[in-house]
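Single-structure report; data block below.
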Amino acid sequence: MAVKHERHKLRPASEVMTLERIGAFRLTSLSFLRILLRHMMRENWQIGCRTLELDEKGYGHAVYGIDTPKHTFSFVVISSDIDDDERSDRVISKKWDVTFALCEGEVTEEKLERMKRELPKQEAGRGDAHDLVWSRANKSNRIFDYVIDCLVKEEQPDPKILNEVGYLLRTTAVYGNGKFGLAPYEKIKNDHPFSGPFQAQMFAVYMLRQFGTDLVEHIAKQRNPQAAKLQPDIKRYIGTGNATGLGMAPFLIAHPRLIHQWIYVREQAIARVKDIKPSEDDLMLLVEWLDRVGDYFKDSNLIDREIILKPETIAEQNAYIKELVLGYRRDGRLKGRPTEDVWHDLSNVAAESVSIEMQELLHTLLLELYTDHVVDLERCMNVDETYQIEPRMTVGHLQSLIDEQYHWVFQYDFDDPDEKYYFWYRSKEKEEPRLGIRGEDPGDDKEMAMNIAEQVQALYDVLKLAEPGEMVASFILKYPDYKGIIQRVQSLEGYEYGEIQANFLSRDFMPLHLLRCKLSFFGAERFNPKSNRWVRITLFQGAPLVEEVGKLYLDNWVFPELPVLEGGQ
């Protein structure tokens, strides 16, 4: 393949940062769990179970050891007996089937005893500065017992039934960065095995996947000493579940420079691969990926899928893109037009003919074709999140900055009740973000400042009262209430992807788009919305197993095919 001179500009923020567009992002080769796995593979991490002290029902604890070239870590799991009516995805829950932690160093007996007491408490418990991550998870009611029953019968679970859920255990929150007394982010910021966004959290979720398969095999063996073990392909097909709600949304507002960096890196990668002139092998590899993805979505058995584009529709549009690629391979034309700029023109055709969802899936697949061309960008995910006032900036400069980067905010009329239909607040129970209906639900007197568009509009109106040459410092002395939004606008000069161009209070607002955006950067798939405010997803489905770390590794395990059972079972 030949790389042409990079002449295609990045897509503008006006195209990328709409709510519908960011809500259609999917995992890519630069998603955080993909970065983590490549790192683990390169350094040949050694992972093994040190302790598995579980009773016949699987209750007890386990400790796994993780040896990296420079550090040793421990993964501690507590498996508890809870009633079915105590099992819930809600953040206000107080009991979970499994609680777990990722810790630095070896776990002493003294620390293990303390963790047995503290970990199951979660929010009410206390960790220490050697704990990097705490989390909790529940069993999948439909799949967990089914898999055990199959193994007890010395059989493998049916992949089609596994595919109805995709995981054995489902997390409800994965905490780090100082919460519960855990290690602060600064501890892993530089030259650390888990430096980079959410690397420690992703690894904890990866290890929970291992514990889930160890747990069902252990319980099955207690019931039948000759119980089957999970076939490697089946085991690999099982991921880790996650249930995510509104609590994730404010992160995207509170960290605009970081969000800019993540999306900027993604857009750089997309622009870079579009500039590649494909070889015959590249074209056929894309056809293979399109076949695989088509099967993946056709086989999807997700339940509550009417909120987002149906998997069957994605599969149909995927088949259309495949026909375009095959047509170009035959006669060098896309929709009857000759082209030497294949990927760029294919992307343009997709923009005219298929959904935004399929457009972004196409970008995901192009990045799969050329991972080696973009993998260097994985080192660019961090950014300095310093937000400061520029006191000597003039009011005129600030106005021009708003005109340039925030022109989108003026499309909204906040005198219209439908544009201020919702309000954001924090729940008293867990201080978790919630969305209320203005005038109907209590709490609008405690409204969170989530709507950047409204704040910028209000600032712009007041700026008109000042002289263009007046300094911002003087303006803030007169209008101190605007200090926060001024600091934000100034700090985001040049960070064009930092703001999601949407009204978060609108009656038409769908929070699910915010959740999907962030989850795509983690590496989530199998989006299964339960409402427009929370979604279940799967992580690491198809990923290498812990025993395969350091062995021959092909970084192409996403969108896994249904396994074929050995012996025609």
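The values are calculated or read from the model by the stated rules, or taken from the named source; none is laboratory data. A quick note: this is a predicted structure, and the numbers were derived from the prediction, not measured. Glycine also receives a Cβ, built like all others from the backbone with ideal geometry; neighbour counts cover every protein chain displayed. The area values use the complete protein model at the heavy-atom level, side chains included, leaving out ligands, DNA and RNA. Shrake-Rupley method; radii C 1.70, N 1.55, O 1.52, S 1.80 Å.
What the table shows:
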{"item": "Failed criterion for Q317 (all others in (1) closer than 24 Å to Q541 by Cβ; (2) touching a Leu at 6+ places or on another chain (Cβ under 8 Å); (3) touching a residue at least 24 places away in the same chain (Cβ under 8 Å) hold)", "result": "(2)"}
{"item": "Filter result (assigned to a helix (DSSP H, G or I) and farther than 29 Å from P197 by Cβ) within the stretch 381-401", "result": "V395, G396, H397, L398, Q399, S400"}
{"item": "Sole residue being touching a Lys or Arg at 6+ places or on another chain (Cβ under 8 Å) and surrounded by fewer than 18 Cβ atoms within 10 Å (Cβ to Cβ), chosen from F414, F423, F410", "result": "F414"}
{"item": "Residue satisfying condition, being farther than 25 Å from V558 by Cβ, surrounded by 16 or more Cβ atoms within 10 Å (Cβ to Cβ) and more than 27 Å from the chain's Cα centre (by Cα), within set D403, D341, D331", "result": "D341"}
{"item": "Residue in the stretch 201-210 that is closer than 17 Å to W557 by Cβ, among the β-branched types (V, I, T), more than 14 Å from the chain's Cα centre (by Cα) and in a helix (DSSP H, G or I) present", "result": "no"}
{"item": "Counted residues, the stretch 440-491 - those being at pLDDT 95 or above, open to solvent by 70 Å² or more (accessible area, probe 1.4 Å) and part of a helix (DSSP H, G or I)", "result": "6"}
{"item": "Selection from the stretch 426-439 of residues that are exposed (fewer than 12 other Cβ atoms within 10 Å of the Cβ) and among the hydrophobic types (A, V, I, L, M, F, W, C)", "result": "I437"}
{"item": "Selection from the stretch 305-364 of residues that are among the basic types (K, R) and at positive phi", "result": "K335"}
{"item": "The stretch 267-305: number of residues that are out of contact with any helix residue (DSSP H, G or I) (no Cβ under 6 Å at 6 or more places or on another chain), of a type outside the set (D, E), open to solvent by less than 60 Å² (accessible area, probe 1.4 Å) and assigned to a loop (DSSP other than H, G, I, E, B)", "result": "3"}
{"item": "Per-region count, the stretch 495-507, residues open to solvent by 20 Å² or more (accessible area, probe 1.4 Å) and either at pLDDT below 95 or aliphatic (A, V, I, L, M) (or both)", "result": "0"}
{"item": "So M393, is it within 30 Å of I485 (Cβ to Cβ), more than 31 Å from the chain's Cα centre (by Cα) and either crowded, with 16+ Cβ neighbours inside 10 Å or modelled with pLDDT of 95 or more (or both)", "result": "yes"}
{"item": "Subset of the stretch 316-337 (residues that are touching an Asp or Glu at 6+ places or on another chain (Cβ under 8 Å) and aliphatic (A, V, I, L, M))", "result": "L334"}
{"item": "Test for V165: is it under 23 Å from A543 (Cα atoms), open to solvent by 30 Å² or more (accessible area, probe 1.4 Å) and not in a helix (DSSP H, G or I)", "result": "no"}
{"item": "Yes/no for L151 being open to solvent by less than 20 Å² (accessible area, probe 1.4 Å), under 24 Å from R236 (Cα atoms) and out of contact with any Cys (no Cβ under 7 Å at 6 or more places or on another chain)", "result": "yes"}
{"item": "Any hit, the stretch 357-376, residues being surrounded by 17 or more Cβ atoms within 10 Å (Cβ to Cβ), touching a residue at least 60 places away in the same chain (Cβ under 8 Å), more than 21 Å from P278 (Cα to Cα) and in contact with a helix residue (DSSP H, G or I) (Cβ under 8 Å, 6 or more places away or on another chain)", "result": "yes"}
{"item": "Qualifying strands (runs of 3 or more DSSP E) (wholly inside the stretch 22-119; at least 3 residues being aromatic (F, W, Y), open to solvent by less than 20 Å² (accessible area, probe 1.4 Å) and under 30 Å from K530 (Cα atoms))", "result": "none"}
{"item": "Single residue of R126, R142 found to be in contact with a Gly (Cβ under 6 Å, 6 or more places away or on another chain) and surrounded by fewer than 22 Cβ atoms within 10 Å (Cβ to Cβ)", "result": "R126"}
{"item": "Odd one out for T244 among (1) buried (at least 17 other Cβ atoms within 10 Å of the Cβ); (2) at pLDDT 95 or above; (3) of a type in the set (S, T, N, Q)", "result": "(2)"}
{"item": "Residue in the stretch 458-468 that is over 29 Å from P12 (Cα atoms) and in contact (Cβ under 8 Å) with a residue 40 or more places away in the chain present", "result": "yes"}
